[in-house]
Amino acid sequence: MVESRKRARLVLIASDGEWAGRSLESVLELNGYSVVRVERGRRALELARRTPLDAIFLDAATADMGGIEVCRALRDDPLFDHSTPIIITSAVAGAHRAGAAAFAAGAWEYCSQPFDVETLMLKLGTFVRAADTVREVFDIPAGGIRLEGRVGDVRIPLGQIAFEIFTGSQFDSNERRPIAQNVQTGDVVLLPEGTYYIVSNYGDGNSVVRSDIHIDAGKLTDIVVTHRAAIKTLKLVNNPGGEALANTQWTVLTPGGDVIKESIGAFPRLVLAEGDYHVVARNEGRTYQRDFKVITGVDGEVEVLAR
């Protein structure tokens, strides 16, 4: 499924507080902003360094890397657009010392929750307009895409799926290198207007989806790639429902004998495309095997009996 909409001001939110992050995202979208929300400070740092943004909201208490630390790192980065407004947010009311530290790190504003929404949106609008006055504007026929993967109606978690982007169509015969690799869910990638294809890899098994897309100038296109797959955990057991035997070597094959995945361990966890499979388990010099089926969205265990 591909949806398009007009390019709005793009704002990045970094917050590992689910309620606070979603609330701020809703307020921004209601006021006409396009939002990318992440839960980790380091992820925000990575995105801000490679994605043109109109403003950034950073939670001061993000677990892996606090918002003030991310702000300082961006302000010290010569490749980052220093005209981008950065706003530090905090769940602690009246934290004056933290506010001083935020401004010292280069933040444009420091806000404690709960926010005065009207005032915050007025300030943000002022900040964005002020930033525009110090930027040289070029008219480039380009657009953007934002990617995510799903199994049925369930969104695939961040880190379990990655995308590659190529120029042209997947049906072109010539070999090409990807122009963007390891693109993660929620990333915004800016591209010149034209035709591209994406390769979506869910897990490290055989769940791969290829899709042609078209980028329109001045539009941000949300792309949802649907995988027909499920997560299966393999177990070699002496009895149904028993404990898994350690140091087991596993081979998962297609009915035709093509190897899909090999691994070693008591509980290998695999993402497999919908279909029929044959699994071989080797333990202490003995070999055991069985057939099994993968149905889209039906995660679970595949037990092989050591008999």
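Every read-out reported here was derived from the displayed coordinates using simple, explicitly stated rules and does not represent laboratory data. No experiment lies behind these values; they were computed from the predicted model shown. Neighbour counts are summed over all protein chains in view; Cβ atoms, including those assigned to glycine, are modelled from backbone coordinates with ideal geometry.
Brief remarks follow.
- Counted charge near Gly17, where neighbours are those whose Cβ lies closer than 13 Å (Asp, Glu -1; Lys, Arg +1): -2
- Reported label for calculated Rg and Dmax of the Cα atoms in Å given [x] 19.7, 61; [y] 23.7, 74; [z] 21.7, 74: [y]
- Neighbourhood net charge (14 Å Cβ-Cβ; Lys/Arg +1, Asp/Glu -1) for Phe115: -3
- For the chain, hydrophobic long helices are taken as DSSP H runs at least 20 Å long by C-alpha position along their axis with mean Kyte-Doolittle hydropathy of -1.0 or more; these are 117-132.
- Whether the range 143-294 is rounded, prolate or oblate, judged on the alpha carbon gyration tensor where a/c under 1.5 counts as rounded: prolate
- For the range 121-227, share of DSSP beta bridges that run antiparallel, in % to the nearest 5: 80 percent
- Antiparallel beta bridges, as assigned by DSSP with both residues in the chain, represent about 65 percent of the total such bridges.
- Nonlocal amide H pairs with Lys261, under 5 Å, H built at 1.01 Å: Val252
- In this simple spin-label model, placing a label point 7 Å from the Cα along the Cα-to-Cβ direction at both Arg307 and Val128 gives a separation of 6.6 nm.
- Where Rh is the Kirkwood radius over Cα pairs, Rg/Rh for the range 243-307: 0.93
- Calculated from backbone phi, Karplus (6.51, -1.76, 1.60) coupling profile of the range 152-158 in Hz, x at Gly/Pro: x, 9, 9, 6, 6, x, 4
- Other residues within the sphere of radius under 12 Å centred on the Cβ of Val38, judged by their own Cβ, net out at -3 (K and R +1, D and E -1).
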